[in-house]
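Asker: Here it is, the structure, as structure tokens.
The values are calculated or read from the model by the stated rules, or taken from the named source; none is laboratory data. Computed from a prediction, not measured in an experiment: that's the story for all the values here. Quick reminder, even Gly has a Cβ in these numbers, built from the backbone with ideal geometry, and neighbours come from all protein chains shown.
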Amino acid sequence: MFGRNGLMAFAVAYVLFGSAGSPPAEAAGRVELVLTTDRHAPLTAQQAWARELGAAGVRNVRLRTAHASDKVGIETRGAKESPLYIVTGTLDSHGEVILPEGRYRQGEAKRIAHWLDELARLGPPETREPVVAFGLKHGEMLAVRDDLATPIGFSTKGLPRGEAARKILDGLRLPVELDPKLLPTDDADRVADELRGLSCGSGLACVLRPLGLVLVPRSTPSKGPIYRITPARGEKEVWPVGWKPEKSGPKIVPKMIDFFWLELPGVQASRALDAIVERLQIPVLIDHHALAHHKIDLEKAIVTIPRTRMTYASALDRVLFQAKVKSELRTDEADSPFLWITTIKPAK
């Protein structure tokens, strides 16, 4: 989860962060590559690698005969502000280059160049900040989380979807990459949910979802963390509409386990849902994308429940199940809870 008390368990378990701060500056280093050649290495391989590395832009390269004391590794020299990284690798008897990061065949010089450039910018792997998610480092993720925890300060209900998305983006501090053509400019599609007070991250993800768009934070060498608004297709890691809370539902919304008498003699699911959540006093967001995909209309779905004493949690389950949807308790980036109403079967 993301929130003020920690970050998330998202696909895998990521570290928890304790305090905010800016990511440290990347190392402005230089790199020298020393390839020690096995005495059985083909002469043609040495010549081919010299050409390929030069063509890939690798300039500081020395090829020499291997010594018994040579070890594959990285040696750091010079001042901390301007380090020199001497990389020792081996050209083996098969004509392949072995570096601290892995083994390379002929034709992969560009991969080596990329790794050396990364080493110059970021320093040796063991000295770098851990990447936690979205390719972001510890400090970058904190900056993103704090930015996206900003509350939405205007009413979204009935606002044109494109306009709502632009207004939320305008309230963020970090840079945004967005093709303006992706957001609609007409008034045909309007936001049906009231997102005022919800965090910008969860709210923006909710607004973008029916458009087939997603919010993806990324790390850049020059700008640091940025946001990309992009089509959902092909994206494996996207900013979601809220996070699974660390605490159980009753601890977040105690009224969920309160009992009351309920009788629904055939009413619209939307009306029944509104009546329940009004008593719970918790925001509700609808997964309009998934409901449209499965052709579910809460205005048309009819719910019938005989007079029964039950908890609010049970009432939600029974009402929504009859409408072929379900609720999930989630929290936004500021740890504020809300109900996410989505389909039992996920949308494709």
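Asker: Among the listed residues Ala113, Ala133, identify the single one that is in contact with a helix residue (DSSP H, G or I) (Cβ under 7 Å, 6 or more places away or on another chain) and within 23 Å of Ser219 (Cβ to Cβ).
Answerer: Details: Ala113 fails: in contact with a helix residue (DSSP H, G or I) (Cβ under 7 Å, 6 or more places away or on another chain).
One residue alone meets the criteria, Ala133.
Asker: Further, regarding this structure: Can you name the residue in segment 66-88 that is touching a strand residue (DSSP E or B) at 6+ places or on another chain (Cβ under 7 Å) and over 21 Å from Arg103 (Cα atoms) and is also surrounded by the most Cβ atoms within 10 Å (Cβ to Cβ) among such residues?
Answerer: Out of the qualifying residues, it is Pro83.
Asker: Continuing with the same structure: State which residue is nearest to Val267 (Cα to Cα) when the search covers only segment 307-348 and only residues that are assigned to a loop (DSSP other than H, G, I, E, B) and touching a Gly at 6+ places or on another chain (Cβ under 6 Å).
Answerer: Narrowing segment 307-348 to residues assigned to a loop (DSSP other than H, G, I, E, B): 323-324, 332-336, 344-348.
Filter once more, so that each one left must be touching a Gly at 6+ places or on another chain (Cβ under 6 Å): 332-333, 335.
Working: Asp332: 31, Glu333: 35, Asp335: 33 Å.
Looking at residues that are assigned to a loop (DSSP other than H, G, I, E, B) and touching a Gly at 6+ places or on another chain (Cβ under 6 Å), I get Asp332.
Asker: Residues being farther than 26 Å from Val284 by Cβ, assigned to a loop (DSSP other than H, G, I, E, B) and in contact (Cβ under 8 Å) with a residue 12 or more places away in the chain: count how many of those fall in segment 199-225.
Answerer: Number of matching residues: 2.
Matching residues to (1) part of a loop (DSSP other than H, G, I, E, B); (2) of a type in the set (Val, Ile, Thr); (3) under 21 Å from Asp287 (Cβ atoms):
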| position | (1), (2), (3) |
| --- | --- |
| Val144 | no, yes, no |
| Ala165 | no, no, yes |
| Arg173 | yes, no, no |
| Leu195 | yes, no, yes |
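Asker: Determine, yes or no, whether Phe134 is modelled with pLDDT under 95 and among the aromatic types (Phe, Trp, Tyr).
Answerer: Yes, satisfied.
Asker: Just one of Gly123, Gly158 is at positive phi and in contact with a strand residue (DSSP E or B) (Cβ under 6 Å, 6 or more places away or on another chain); which is it? Steps first, answer last, please.
Answerer: Working: Gly123 fails: in contact with a strand residue (DSSP E or B) (Cβ under 6 Å, 6 or more places away or on another chain).
It is Gly158.
Asker: Shifting gears a bit: With Glu299, Glu278 as the choices, which residue is in a loop (DSSP other than H, G, I, E, B) and under 34 Å from the mean Cα position of the chain (by Cα)?
Answerer: Numbers: Glu278 fails: in a loop (DSSP other than H, G, I, E, B).
One residue alone meets the criteria, Glu299.
Asker: Inside segment 79-101, can you point out the residues that are free of Cβ contacts under 8 Å to residues at least 12 places away in the same chain and assigned to a strand (DSSP E or B)?
Answerer: Matches in segment 79-101: Ala79 only.
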